[in-house]
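**Student:** Sharing a structure below in structure tokens format, with a few things to ask.
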Ligand code: DOR
Ligand code: ZN
């Protein structure tokens, strides 16, 4: 048998269907064998993993690494180091940088910044009124997918008009490309926020008052209508409200290709925490009342929500701790803490490790066209593996985060279940709980291995290029032709 680079022995390998005792052989960037210890090829390096679990590296569909434009909040180097330390091997990064990722020039700046990445990545391009005519150009230049900020948030990018959103979906439906939507209704948010400001409210809960669940329900409903009409694939970002889950359930039943994420903060935090932590917890959509927590868990369990993402949204501590809630930047870091937080819930019996792997790796791999290459521990796949100790207990500490944004609502939270080692395409990016500094830049774009399955476009034949021509057989002007027979009218 040919010698391989690494054999991991005596572990338990997790997939959504089963947990098996197995060893794993890795050659170069790929897994080449998964099976009984005795069947493993000779290896340059052997690693014992008795009692540990091997999970497909987590794929986080939603991070903000801030570069270009806001490098004081995060850089690709620090954000992706946080990912590596959190067992996350692939991230999809958001376009609300400066400049926003809506032109090829801006994309080039981001691709340059991402050369420092410790993890593999996809880049969401911006879908807005100004960019909707450039979507194919952006795809050719390397974006994997798009993001539409239907709800206003950090970066203040104008929400696409419904007309532009429809047009974008008409373009993307035949290509099978999925669009992430920040689904909140911006006009509701702006009006409410102004009223609350005028009334002098600056407390933390005013943020929630400005962004009621109905803003999310309305926007999700609207987006799903356009997605269903065109057959475009959509992905609902950071689903936060119990009240909008029925829309996802019904759309999925009707065959709309919608995927949806929620984040640990919507599952585990609520307004009780916000009363204590204030602006640190400000984010969009807001963290809501406790009544939302359990229905979101149930929706993950029954598949209404497909996956866990983090909305890793770092800001400098001083930008998070201002007197008025309106002056606190929205978001907080999360890519590094997701896995310990969720494994803790697994240890508490709220879900199985198999469920977790479905949410953290399999579902995102499928949504973004990576499944088979990523999201699975099997021969032929990238060797992207989080090696996890379910018995290790500790306390999350914001000071120890790799992120520049050393401020987190999870600070001081006890957890049980940690990634110990992270492998990205066969190479350790975290080992024994430490970042492997030399692996900087090992991350690369997933675009070359992305394969979106064919979509089923509908009602896209009226898209601009077709409607800009007067159809054959139709008079060129609207002037009545010949003698009008009014008796026929
Ligand atoms: O709270 C948020 N912060 N929500 C978002 O949607 C964007 C993010 C950011 O970029 O800071
Ligand atoms: Zn976000």
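Throughout, read-outs are computed from the coordinates displayed, never taken from laboratory work. As the structure is a computational prediction, the values presented were derived from the model and not from experiment. When we count neighbours, we look across all protein chains shown, and the Cβ atoms used for this are built from the backbone with ideal geometry, even at glycine.
**Student:** In contact with a strand residue (DSSP E or B) (Cβ under 9 Å, 6 or more places away or on another chain) and buried (at least 22 other Cβ atoms within 10 Å of the Cβ): which single residue out of 219, 141 fits that description?
**Tutor:** Testing whether each residue is in contact with a strand residue (DSSP E or B) (Cβ under 9 Å, 6 or more places away or on another chain) and buried (at least 22 other Cβ atoms within 10 Å of the Cβ) leaves just 219.
**Student:** Here is a further query. Could you tell me how many of the residues in region 227-240 are surrounded by 24 or more Cβ atoms within 10 Å (Cβ to Cβ), part of a loop (DSSP other than H, G, I, E, B) and away from ligand 2 (no atom under 16 Å from the Cβ)?
**Tutor:** Count: 1.
**Student:** Turning to a different aspect of this structure: Name the single residue that is farthest from ligand 2 (Cβ to nearest atom) among those in region 73-97 being over 23 Å from residue 421 (Cβ atoms) and out of contact with any helix residue (DSSP H, G or I) (no Cβ under 9 Å at 6 or more places or on another chain).
**Tutor:** Checked region 73-97; the qualifying residue farthest from ligand 2 (Cβ to nearest atom) is 96.
**Student:** List the number of the failed condition for residue 41; all other conditions in (1) away from ligand 1 (no atom under 16 Å from the Cβ); (2) touching a strand residue (DSSP E or B) at 6+ places or on another chain (Cβ under 6 Å); (3) under 20 Å from residue 418 (Cβ atoms) hold.
**Tutor:** Residue 41 satisfies all of (1) away from ligand 1 (no atom under 16 Å from the Cβ); (2) touching a strand residue (DSSP E or B) at 6+ places or on another chain (Cβ under 6 Å); (3) under 20 Å from residue 418 (Cβ atoms) except (3).
**Student:** Here is a check on your reading of the model: is residue 274 surrounded by 23 or more Cβ atoms within 10 Å (Cβ to Cβ) and farther than 25 Å from residue 159 by Cα?
**Tutor:** Yes, satisfied.
**Student:** Name the one entry in 205, 189, 196, 245 that is farther than 24 Å from residue 123 by Cα and within 16 Å of ligand 2 (Cβ to nearest atom).
**Tutor:** So the residue among 205, 189, 196, 245 that is farther than 24 Å from residue 123 by Cα and within 16 Å of ligand 2 (Cβ to nearest atom) is 189.
**Student:** For region 297-342, name all the residues that are within 16 Å of ligand 2 (Cβ to nearest atom), out of contact with any strand residue (DSSP E or B) (no Cβ under 9 Å at 6 or more places or on another chain) and not in a loop (DSSP other than H, G, I, E, B).
**Tutor:** Matches in region 297-342: 319 only.
**Student:** Then there's this: Name the residues in region 85-97 that are away from ligand 1 (no atom under 16 Å from the Cβ) and assigned to a loop (DSSP other than H, G, I, E, B), would you?
**Tutor:** Passing the criteria: 86, 87.
**Student:** With (1) closer than 22 Å to residue 300 by Cα; (2) surrounded by fewer than 22 Cβ atoms within 10 Å (Cβ to Cβ); (3) within 16 Å of ligand 1 (Cβ to nearest atom) as the list, and residue 280 as the residue in question, which single condition is left unmet?
**Tutor:** Every listed condition holds for residue 280 apart from (1).
**Student:** Considering every residue within region 64-84, establish whether at least one is within 13 Å of ligand 1 (Cβ to nearest atom), surrounded by fewer than 24 Cβ atoms within 10 Å (Cβ to Cβ) and either within 16 Å of the chain's Cα centre (by Cα) or free of Cβ contacts under 8 Å to residues at least 40 places away in the same chain (or both).
**Tutor:** Looking for residues that are within 13 Å of ligand 1 (Cβ to nearest atom), surrounded by fewer than 24 Cβ atoms within 10 Å (Cβ to Cβ) and either within 16 Å of the chain's Cα centre (by Cα) or free of Cβ contacts under 8 Å to residues at least 40 places away in the same chain (or both), one finds at least one in region 64-84, hence yes.
**Student:** What residue, of 163, 151, 176, 221, is in a loop (DSSP other than H, G, I, E, B) and over 30 Å from residue 449 (Cα atoms)?
**Tutor:** After applying the criteria, what remains is 151.
**Student:** Look at region 22-50 and say how many of its residues are in contact (Cβ under 8 Å) with a residue 60 or more places away in the chain, assigned to a strand (DSSP E or B) and closer than 13 Å to residue 12 by Cβ.
**Tutor:** Residues flagged as in contact (Cβ under 8 Å) with a residue 60 or more places away in the chain, assigned to a strand (DSSP E or B) and closer than 13 Å to residue 12 by Cβ within region 22-50 amount to 2.
**Student:** Check whether at least one residue in region 365-375 is surrounded by 20 or more Cβ atoms within 10 Å (Cβ to Cβ) and over 16 Å from residue 91 (Cα atoms), and report yes or no.
**Tutor:** Checked region 365-375: no residue is surrounded by 20 or more Cβ atoms within 10 Å (Cβ to Cβ) and over 16 Å from residue 91 (Cα atoms).
**Student:** For residue 110, which of the numbered conditions (1) within 16 Å of ligand 2 (Cβ to nearest atom); (2) under 21 Å from residue 430 (Cβ atoms); (3) over 16 Å from the mean Cα position of the chain (by Cα) fails to hold?
**Tutor:** Unmet condition: (2).
**Student:** Follow-up question, since we're still on this one. Go over the candidates 102, 87 one by one and state the one that is closer than 25 Å to residue 257 by Cβ and touching a strand residue (DSSP E or B) at 6+ places or on another chain (Cβ under 8 Å).
**Tutor:** 102
**Student:** Is it true that some residue in region 343-358 is in contact with a strand residue (DSSP E or B) (Cβ under 6 Å, 6 or more places away or on another chain) and either without any contact (Cβ under 8 Å) to a residue 60 or more places away in the chain or part of a loop (DSSP other than H, G, I, E, B) (or both)?
**Tutor:** No: region 343-358 contains no residue that is in contact with a strand residue (DSSP E or B) (Cβ under 6 Å, 6 or more places away or on another chain) and either without any contact (Cβ under 8 Å) to a residue 60 or more places away in the chain or part of a loop (DSSP other than H, G, I, E, B) (or both).
**Student:** So, of the residues in region 308-318 that are buried (at least 21 other Cβ atoms within 10 Å of the Cβ) and farther than 16 Å from residue 182 by Cβ, which turns out to be farthest from ligand 1 (Cβ to nearest atom)?
**Tutor:** 308
**Student:** Now a separate question. What is the number of the single condition among (1) closer than 14 Å to residue 56 by Cβ; (2) part of a strand (DSSP E or B) that residue 377 does not meet?
**Tutor:** (2)
**Student:** Within region 98-108, restricting attention to residues that are closer than 16 Å to residue 134 by Cβ and out of contact with any helix residue (DSSP H, G or I) (no Cβ under 8 Å at 6 or more places or on another chain), which residue is farthest from ligand 1 (Cβ to nearest atom)?
**Tutor:** Per the criteria, the residue is 105.
**Student:** Please go through region 462-489 and pick out each residue that is in a loop (DSSP other than H, G, I, E, B) and touching a helix residue (DSSP H, G or I) at 6+ places or on another chain (Cβ under 9 Å).
**Tutor:** Within region 462-489, 462, 463 qualify.
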